[in-house]
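To keep things clear, I will list the structure first and then write my remarks on it.
The values are calculated or read from the model by the stated rules, or taken from the named source; none is laboratory data. Because the structure is predicted, anything quoted here is derived from the model rather than measured. Cβ: placed from backbone, ideal geometry, glycine included. Neighbour counts: every protein chain shown. Just so you know, the surface numbers come from the protein's heavy atoms only, side chains and all, with ligands and any DNA or RNA stripped out. Shrake-Rupley method; radii C 1.70, N 1.55, O 1.52, S 1.80 Å.
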Amino acid sequence: MTKLSVLVGAALLTGCANMNTVPPGTPLAEVIKKYGKPDTICKKDDGTERLIWSGQPYGQFSWGGTIAKDGKVIKIEQVLTDEQFEVLSVGKWSAKQVECQFGPPANTYGIAKGNEIVWAYRYKQYDIWPSMMYVYMGSDGQHVTRFHPAPDPLTLSDSLFPI
């Protein structure tokens, strides 16, 4: 069973790792045929769409695509990076905007202190360290109040195969 899990995980990672090679102008139907349906679809005011193919809850990569009105790819990029998360420091981000930018979180927590809602995204900090980016939504769960990375709890173990 462990071997099967490792093979499936490697296959998923390999498939997703190539999404950044999708050239601009590729029809969305071709992308979906090759990579599957996106997990998040957000329509923008200008008629374009923001699509997210998520690797959450256990993957460390998610791909965000911008699709033109004519259904063709403008750009697809890996969105769970330190640089991408920095956009949260500019302006006031709603929960919906966060989901449209990064896709669904790996976990959602309620924190007793301050009565906050926290979304956690699994990713590789600095493209090296297995980490979680914690995005705090305040007590109403509607707007980002702060965010920070921390080690991924699943990787904090002395065991070769953490639970």
Report summary line: Apart from one, (1) open to solvent by 60 Å² or more (accessible area, probe 1.4 Å); (2) free of Cβ contacts under 8 Å to residues at least 24 places away in the same chain; (3) closer than 27 Å to residue 19 by Cα; (4) of a type outside the set (A, V, I, L, M) all hold for residue 110; the odd one out is (3)
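Table: residues versus (1) in a strand (DSSP E or B); (2) on the phi > 0 side of the Ramachandran plot; (3) touching a helix residue (DSSP H, G or I) at 6+ places or on another chain (Cβ under 8 Å); (4) among the aliphatic types (A, V, I, L, M).
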{"position": "104", "(1), (2), (3), (4)": "no, no, no, no"}
{"position": "110", "(1), (2), (3), (4)": "yes, no, no, no"}
{"position": "118", "(1), (2), (3), (4)": "yes, no, no, yes"}
{"position": "121", "(1), (2), (3), (4)": "yes, no, yes, no"}
{"position": "124", "(1), (2), (3), (4)": "yes, no, no, no"}
{"position": "131", "(1), (2), (3), (4)": "yes, no, no, no"}
{"position": "134", "(1), (2), (3), (4)": "yes, no, no, no"}
{"position": "139", "(1), (2), (3), (4)": "no, no, yes, no"}
{"position": "147", "(1), (2), (3), (4)": "yes, no, yes, no"}
Query raised in the report: Which members of the stretch 21-30 meet the condition of being open to solvent by 40 Å² or more (accessible area, probe 1.4 Å) and of a type in the set (Val, Ile, Thr)?
Result: 21
